[in-house]
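Structure, as C-alpha cells:
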Amino acid sequence: MQPIRTGRTLITLVRADDADDLSAYYLRNAAHLGPWEPLREEGYHSADAWKDRARDFAGEALKGFAYRYVVRLEAGGKIIAVANFTTVIRGVFLACHLGYSIDRDMQGKNLMFEVLDRLIPHVFNTYGLHRVMANYIPENERSGALLKRLGFEVEGLARDYLKINGAWRDHVLTARINDADDRAGSPEG
C-alpha cells in the first residue's frame with residue numbers, strides 16, 4: 001500500500017519493521033497515555049514485544065481484521081501518532097472501532113484532526129465499511145471535541161465499559177456513518 005499523505009504527515013499501515021519505532025513511541029509517551037489506556041504488564045512495550053506485535057498487526061491488515069496505522073511527520077523520522085481501526089466486522093454490519101493517540105509533544109497542533117480527517121474516508125472507501133465507532137472516557141474532553149469535529153455523533157453512554165488504568169470506566173459511545181455509502185438502499189444493505 002502506498003503511504004497516505006496529509007499536509008504535514010506520512011501515514012502507513014503498521015509493518016513488521018515499525019517495531020522499534022512503536023516501542024519508542026509508547027515508552028516515550030507512557031505517562032502521557034497512561035490515564036487513557038489499560039494497565040500493561042512489565043515489558044509490554046519492549047522492542048522484542050513489539051517485534052511480534054507489529055508482525056501480527058501487519059497480518060491482521062492482510063486478513064481484513066484490523067487496519068493499524070503509524071503516523072510520522074512528512075520529513076520522516078519518529079512515530080508521532082497511531083490510529084487503529086480494529087474489530088472489523090463484515091456482513092450486514094460493515095463496521096469497526098477507532099482508537100488513536102498522539103505524542104505528548106505534538107498535541108495542540110491540529111495533527112490528529114488532520115490525520116483522522118484523511119484516514120476515515122480512506123477506510124470507508126478502501127475497505128468498504130459503513131460505520132466507524134469511537135468511544136471515549138467522559139473526562140477526556142479533547143478526544144470528545146476531536147470526534148465531534150470529525151463528524152462523530154454521540155449514541156449513548158456505556159457504564160463500566162472498559163478497564164482503563166486499573167479501573168472500570170464509563171465511555172461515551174460515538175459513531176460516524178459513511179454518508180457516501182451507496183449500499184444504504186440496496187437489498188443487502
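The values are calculated or read from the model by the stated rules, or taken from the named source; none is laboratory data. Source: prediction; values computed, not measured. When we count neighbours, we look across all protein chains shown, and the Cβ atoms used for this are built from the backbone with ideal geometry, even at glycine. What goes into the accessible areas is simple: the full protein's heavy atoms, side chains included, and nothing from ligands, DNA or RNA. Shrake-Rupley method; radii C 1.70, N 1.55, O 1.52, S 1.80 Å.
Using the structure shown, decide if ARG159 is touching a strand residue (DSSP E or B) at 6+ places or on another chain (Cβ under 8 Å) and basic (Lys, Arg). Here the answer is yes, as ARG159 does meet what is asked.
Residue-wise test of (1) surrounded by 19 or more Cβ atoms within 10 Å (Cβ to Cβ); (2) in contact with a helix residue (DSSP H, G or I) (Cβ under 8 Å, 6 or more places away or on another chain); (3) of a type in the set (Asp, Glu).
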| position | (1), (2), (3) |
| --- | --- |
| HIS97 | no, no, no |
| ASP105 | no, no, yes |
| VAL115 | yes, no, no |
| ILE120 | yes, no, no |
| GLU139 | no, no, yes |
| LYS148 | no, no, no |
| GLY156 | no, no, no |
| ARG159 | no, no, no |
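Limited to the range 83-110, what total is found for residues that are within 17 Å of ASN140 (Cβ to Cβ) and within 14 Å of the chain's Cα centre (by Cα)? Please lay out each step first, then the result.
Narrowing the range 83-110 to residues within 17 Å of ASN140 (Cβ to Cβ): 83-84, 97-104, 106-108.
From what's left, within 14 Å of the chain's Cα centre (by Cα): 83-84, 97-103.
So the count comes out to 9.
What residue, among those in the range 1-36 that are open to solvent by 60 Å² or more (accessible area, probe 1.4 Å) and in contact with a helix residue (DSSP H, G or I) (Cβ under 6 Å, 6 or more places away or on another chain), is nearest to GLY59 (Cα to Cα)? Here the answer is ARG15.
Summed over the range 40-82, residues that are closer than 13 Å to TYR25 by Cα, under 15 Å from the mean Cα position of the chain (by Cα) and open to solvent by 60 Å² or more (accessible area, probe 1.4 Å) total 0.
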